[in-house]
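Enquirer: Take a look at this one; I'll ask things after.
The values are calculated or read from the model by the stated rules, or taken from the named source; none is laboratory data. Treat the numbers as computed from the prediction; the structure is a model and nothing was measured. Quick reminder, even Gly has a Cβ in these numbers, built from the backbone with ideal geometry, and neighbours come from all protein chains shown. Just the protein is used for accessible areas: all its heavy atoms, side chains included, with ligands, DNA and RNA removed. Shrake-Rupley method; radii C 1.70, N 1.55, O 1.52, S 1.80 Å.
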Amino acid sequence: MVYLHGAMCETLRLYPSVPYEHKQSIEPDVLPSGHAIDGNTRILLSIFSMGRMEEIWGVDWMDFKPERWISVGSVDEKKKMVVSHMPAYKFTAFMAGPRTCLGRKIAFVQMKAIASCVLRRFKIEVVDGHPMVPDASILMFMKYGLKVRVSYRA
């Protein structure tokens, strides 16, 4: 389940469900970057772009690596894989600060339950040659859908 959690986080890093977020200042303020903004200023955050920034994720930002979410901890004197803590302002798929998604934990529970039930019974393969192109609007979805071949596991 730890690796599955890492794979889900890595998927959400590269393909966040909500690719853009906008905020608006009520009064003049200074952003964490040091930029001063006026009151009533709208700011558009590209969560999609932030998941692909080398400054945030390193030179391997384009690689799908669930391992970046996993560390080795010790539980009862045994080494065990655990989910690494990732600052909310680095991994913003569920937003951060006072506007953090309240359903984050239950979303992971539901995704793990569905994935474990489906993947235990079925083998899922993306159809060769099918274009995988994200299409961003308010929510992220696949422009041409995602054609897969589903077969029972032996």
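Enquirer: At 1.4 Å probe size, what's the solvent-accessible area of residue 29? Round to the nearest 10 Å².
Expert: Here the accessible area works out near 90 Å².
Enquirer: Name the residue farthest towards the positive end of the dipole of the chain from the options 73, 92, 136, assuming +1 on Cβ of Lys and Arg, -1 on Cβ of Asp and Glu, about the Cα centre.
Expert: Result: 73.
Enquirer: Moving on to the next point. Quick check for the chain: number of Lys pairs with alpha-carbon distance under 19 Å, counting only pairs 8 or more apart or on different chains?
Expert: Close lysine pairs found across the chain: 7.
Enquirer: With every protein chain present, what accessible area does residue 9 have (1.4 Å probe, heavy atoms only), rounded to the nearest 10 Å²?
Expert: Roughly 0 Å² of residue 9 is accessible to a 1.4 Å probe.
Enquirer: Show log10 I(q)/I(0) for segment 70-124 at q = 0.17, 0.24, 0.29 Å⁻¹, two decimals, from a solvent-free Debye sum over equal Cα scatterers.
Expert: Results for segment 70-124 at q = 0.17, 0.24, 0.29 Å⁻¹ read -0.82, -0.97, -1.02.
Enquirer: When the expected Rg is taken as 2.2 N^0.38 Å, what fraction or multiple of it is the alpha-carbon Rg of segment 1-54?
Expert: 1.52
Enquirer: Now a separate question. Using the crude model of +1 on Lys and Arg Cβ and -1 on Asp and Glu Cβ, and no other charge, please compute the dipole size for the chain relative to its Cα centre, in debye to 20.
Expert: Rounded to the nearest 20 debye, it is 880 debye.
Enquirer: Can you give the Kirkwood hydrodynamic radius of segment 102-154 from its Cα pairs, in Å with one decimal?
Expert: 13.3 Å
Enquirer: I'd like the chymotrypsin sites (Phe, Trp or Tyr not before Pro) in segment 75-154 restricted to DSSP loop residues with at most 11 other Cβ atoms within 10 Å, sorted by number.
Expert: Passing both the DSSP loop test and the Cβ count: 144.
Enquirer: Further question on the same structure: Using the Cα centre as the reference, give the magnitude of the dipole from point charges on the C-beta atoms of segment 28-87 (Lys, Arg: +1; Asp, Glu: -1; all else neutral), rounded to the nearest 20 debye.
Expert: Magnitude of the dipole: close to 240 debye.
Enquirer: Compute the helix-to-body angle for 2-14: its Cα long axis versus the longest principal axis of the chain, expressed 0 to 90° and rounded to tens.
Expert: 50 degrees
Enquirer: Determine, from the Cβ-Cβ distance of residue 53 and residue 85 and an R0 of 25 Å, the FRET efficiency 1/(1 + (r/R0)^6), rounded to the nearest 0.05.
Expert: Plugging the Cβ-Cβ distance into 1/(1 + (r/R0)^6) gives 0.80.
Enquirer: While we're looking at this one, here's another question. Report the one residue of 16, 56, 122 whose Cα lies farthest in the direction of the positive end of the charge dipole of the chain (charges on C-beta: Lys and Arg +1, Asp and Glu -1; origin at the Cα centre).
Expert: Highest projection toward the positive end goes to 122.
Enquirer: Still on this structure, I have one more. Note down the accessible area of residue 33, probe 1.4 Å, to the nearest 10 Å².
Expert: 80 Å²
Enquirer: What trypsin sites (Lys or Arg not before Pro) does segment 83-130 have in DSSP loop regions with at most 15 other beta carbons within 10 Å?
Expert: Passing both the DSSP loop test and the Cβ count: 90.
Enquirer: Same structure again: Could you tell me the convex hull volume per residue, in Å³, taken over the Cα atoms of the chain?
Expert: With only Cα atoms used, the chain gives 167 Å³ per residue.
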